[in-house]
Amino acid sequence: MQSHVNRDERHSLIENILFHSPEGVRAVELAERCGVDRRTIYRDMARLRKNGLPLYQKQGRFFVSREYYHAPVQLTLNETVALFTAVRVLSQVADQHNPHVISALNKLSEGLPEPMAAHVGTVGQMLRHHSVDRLFVRVTETIIHAWGERRWVRIWTAGAQSACELAPHFLEATSEGVLYVVGAEAKTEAVRAFRLDQILRIETLKRTFNTRPHVVAENHMADAMGVLAEHGPEYEDVVLVLSAELASQILTGRLSVSATTERLSDDRLKVHLRVKDWQDVAGWVRRAGSQVEVIEPEAMRQHMAEEARRMAALYGVDRAQR
């Protein structure tokens, strides 16, 4: 059999094939794709292991351990700073701290000149003082590995009567720093989104899945209000009325595909959303302040009204009387 590539090129090809084959690859398949015989593939595997590639073999198939595998990435200075800025913003708004952020920042700082590296290191040290929710970290790690290997997961959430089997297609973070996993449910094939901080238990299943064409990421990513497109009997309606000024800002951004809008006679905008929990959009409503009115649900309207009353009482007291 005539080799089509030299050894270094073949090693890169093997690594790429294994990384994109979570179900594993047989030696004969690698030999065919690389244009060599199986003995050469076995010698290649030995060299790749010696060079540090975390390979293992199971039931006649070769795998790369994604938990320890680090794909080489080369970043420019501007790209590195852009990633640092994104991580910094997320760390400020997220309620749940991810300790992997610290190790990521340490690696980013290695490619930066002083004093930039020192500043990134300072941020990493600050994050070390944050408390860590071990359950959240375990759920996040499990979802990430299942996503990369295209494996089904079984999850249990608060209030659910039974577990749900999900094919995780991607992770999405909202403007509030809330992290969701979005994928296809096994029984109905419906697209579902689950907050990672509301998953009480998770396990990875052995079976793998193919990407579902109806799980279109653009249709289920967080919009300008931090809302993901949701459907199902357990979701509730949220109706908001936005001021004319705020309406113009929102309409120039991106709204969820599940949102419907109606322009009112006074140029205000009525927005109808479907959400899992109205608390998911409450943060955005607070930031918008008097430029948005909650119409439905009544529980959310009363909650925001009570917050407004407490704030009015706080600022309505004459300072001279204190």
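When Rg and Dmax of the Cα atoms in Å is computed from the coordinates, the matching label among (1) 24.9, 93; (2) 18.9, 54; (3) 20.5, 63 is (1).
Counting heavy atoms of the protein chains only and a 1.4 Å probe, report the per residue accessible area for the stretch 150-238 as a whole number of Å². Intermediate results must be reported in sequence, preceding the final value.
Numbers: 4160 Å² over 89 residues.
Averaged over the residues of the stretch 150-238, the accessible area is 47 Å².
Strictly over 31 Å apart at the Cα level, which of LYS187/LYS270; LYS107/LYS187; LYS206/LYS276 would you flag in this model? Beyond 31 Å between Cα atoms: LYS187/LYS270; LYS107/LYS187. The residue list LEU228, GLY177, ALA193 was ranked by how far each Cα lies along the charge dipole of the stretch 164-267 toward its positive end, using unit charges on Cβ atoms, and ALA193 comes out on top. Dipole magnitude for the stretch 1-131: computed about the Cα centre from +1 point charges on Lys and Arg Cβ and -1 point charges on Asp and Glu Cβ, it is near 580 debye.
Calculate what fraction, in whole %, of the accessible area of the stretch 120-169 sits on carbon and sulfur atoms when a 1.4 Å probe is rolled over the protein chains.
On the way: 1270 of 2620 Å².
Accessible surface attributable to carbon and sulfur in the stretch 120-169 totals 48 percent.
Extension gain for MET311 to ARG39 (0.36 nm times residue separation, less C-alpha to C-alpha distance): 90.4 nm.
Multiplying the residue separation of ARG207 and MET116 by 0.36 nm and removing their Cα-Cα distance gives an extension gain of 28.3 nm. Label separation (HIS214 vs ALA158): 3.1 nm, computed from points 7 Å beyond Cα along the C-beta direction. Here each label is just a point 7 Å from Cα along the line to Cβ, and for THR252 and HIS303 those points are 3.1 nm apart. Think of the stretch 27-123 as having a plus end and a minus end, set by charges on the Cβ of Lys, Arg, Asp and Glu; of GLN96, LEU112, GLY35, GLY35 sits farthest toward the positive end of this dipole. A crude spin-label estimate for the pair LEU90 and THR76, with each label 7 Å from Cα along the Cβ direction, gives 2.2 nm.
The values are calculated or read from the model by the stated rules, or taken from the named source; none is laboratory data. Predicted, not measured: the structure shown is a model, and the values here were computed from it. Methodologically, a virtual Cβ is constructed for each residue, glycine included, from the backbone with ideal geometry; neighbour enumeration extends over all protein chains shown. Side chains are part of the model used for accessible areas, which takes the heavy atoms of the whole protein and leaves out ligands, DNA and RNA. Shrake-Rupley method; radii C 1.70, N 1.55, O 1.52, S 1.80 Å.
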